[in-house]
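Below you'll find the structure, written out as structure tokens, and then a few comments.
The values are calculated or read from the model by the stated rules, or taken from the named source; none is laboratory data. What you see is a predicted model, and the numbers here were worked out from it, not measured in a lab. Note: ideal-geometry Cβ built from the backbone for every residue, glycine included; neighbour counts use all protein chains shown. These accessible areas exclude ligands, DNA and RNA; they are computed on the full protein's heavy atoms, side chains included. Shrake-Rupley method; radii C 1.70, N 1.55, O 1.52, S 1.80 Å.
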Amino acid sequence: MLVIEQLKLIFNRNEMNERADPRKVITRSMIDKSNIPLILVEILNGDQIATLSAFPGDTINEVWLGADGSTVTTQNGMLIATRGMNYDLMGADVGAAKSLLEKTIAKNIDLSHFRTYKYLAADNQEKIIEFSCVFSKENQETVFVFEKPYKTDRISEVCEDGNFQFQNTYWVEKEGIIRKSQQWHGHNIGLILIERVI
């Protein structure tokens, strides 16, 4: 598999402290020859970028596995957990968010909901943060993921807790697939870009 060979090359370079951007190594023709579900993840305020493949076992949610053993877990494309990152997100409740995202697209109205994020504090105790959020449909937009165009609806989700505010952005295809997103991970890491490659 050409894609897998290139992924190994990328991570071997990372081990030698040489950064390799998957967008410059993996081509659309290589992707089209593969049938392995794949996402690209990039920390937007940092210098980390990698491709992750679907976990090969049975899982309740979508678990994406990196070559170094780190994982990103999503539920219908929405970020719910990470493992192997600094300041891991232990869990996020996105059940209401996913349902309201679909309604925002279908009815073109702003809808509000609550979100909770769970982390481990320094004393190994759970720290839970709750936000009040509002979805808004912005416009239709064509996005490119590894050179391939996708027609999407662009949806923003603005969340605040009285002291802090952030915005998630989703590019959603007609079939409901979140093709691309910028989602908040936490105060330390900030926004993460997730692109569904396959």
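Worth a mention:
- Every pair of residues 6+ apart whose Cβ atoms lie under 8 Å, when the first sits in segment 115-134 and is in contact (Cβ under 8 Å) with a residue 60 or more places away in the chain and closer than 18 Å to Gln183 by Cβ while the second is among the aromatic types (Phe, Trp, Tyr) and open to solvent by 70 Å² or more (accessible area, probe 1.4 Å): Tyr119/Tyr87
- Residue within segment 178-198 that is in contact with a helix residue (DSSP H, G or I) (Cβ under 6 Å, 6 or more places away or on another chain) and within 21 Å of Lys103 (Cβ to Cβ) present: no
- Any hit, segment 25-48, residues being buried (at least 16 other Cβ atoms within 10 Å of the Cβ) and of a type in the set (Ser, Thr, Tyr): yes
Yes or no, residue by residue, for (1) touching a residue at least 40 places away in the same chain (Cβ under 8 Å); (2) among the polar types (S, T, N, Q):
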{"residue": "Ser136", "(1), (2)": "no, yes"}
{"residue": "Gln140", "(1), (2)": "no, yes"}
{"residue": "Phe144", "(1), (2)": "no, no"}
{"residue": "Glu147", "(1), (2)": "yes, no"}
{"residue": "Ser156", "(1), (2)": "no, yes"}
{"residue": "Asp161", "(1), (2)": "no, no"}
{"residue": "Val172", "(1), (2)": "yes, no"}
{"residue": "Asn188", "(1), (2)": "yes, yes"}
{"residue": "Ile192", "(1), (2)": "yes, no"}
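- Screening Leu44 against (1) under 11 Å from the mean Cα position of the chain (by Cα); (2) within 26 Å of Thr27 (Cβ to Cβ) leaves a single unmet condition, (1).
Yes or no, residue by residue, for (1) under 14 Å from the mean Cα position of the chain (by Cα); (2) closer than 30 Å to Ser29 by Cβ:
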| residue | (1), (2) |
| --- | --- |
| Val134 | no, no |
| Lys137 | no, no |
| Lys148 | no, yes |
| Glu160 | no, no |
| Trp171 | yes, yes |
| Lys180 | yes, yes |
| His187 | no, no |
| Glu195 | yes, yes |
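- Residues being open to solvent by 10 Å² or more (accessible area, probe 1.4 Å), in contact with a strand residue (DSSP E or B) (Cβ under 8 Å, 6 or more places away or on another chain) and of a type in the set (Phe, Trp, Tyr) - total across segment 153-170: 1
- Some residue of segment 173-190 being open to solvent by less than 10 Å² (accessible area, probe 1.4 Å) and of a type in the set (A, V, I, L, M): no
- Looking across segment 96-136 at every residue that is among the aromatic types (Phe, Trp, Tyr) and open to solvent by less than 90 Å² (accessible area, probe 1.4 Å), the one that is nearest to Thr169 (Cα to Cα) is identified as Phe135.
- Here the strands (runs of 3 or more DSSP E) wholly within segment 39-138 that include at least 3 residues being under 26 Å from Thr152 (Cα atoms) are 49-54, 62-65, 71-75, 78-83, 111-120.
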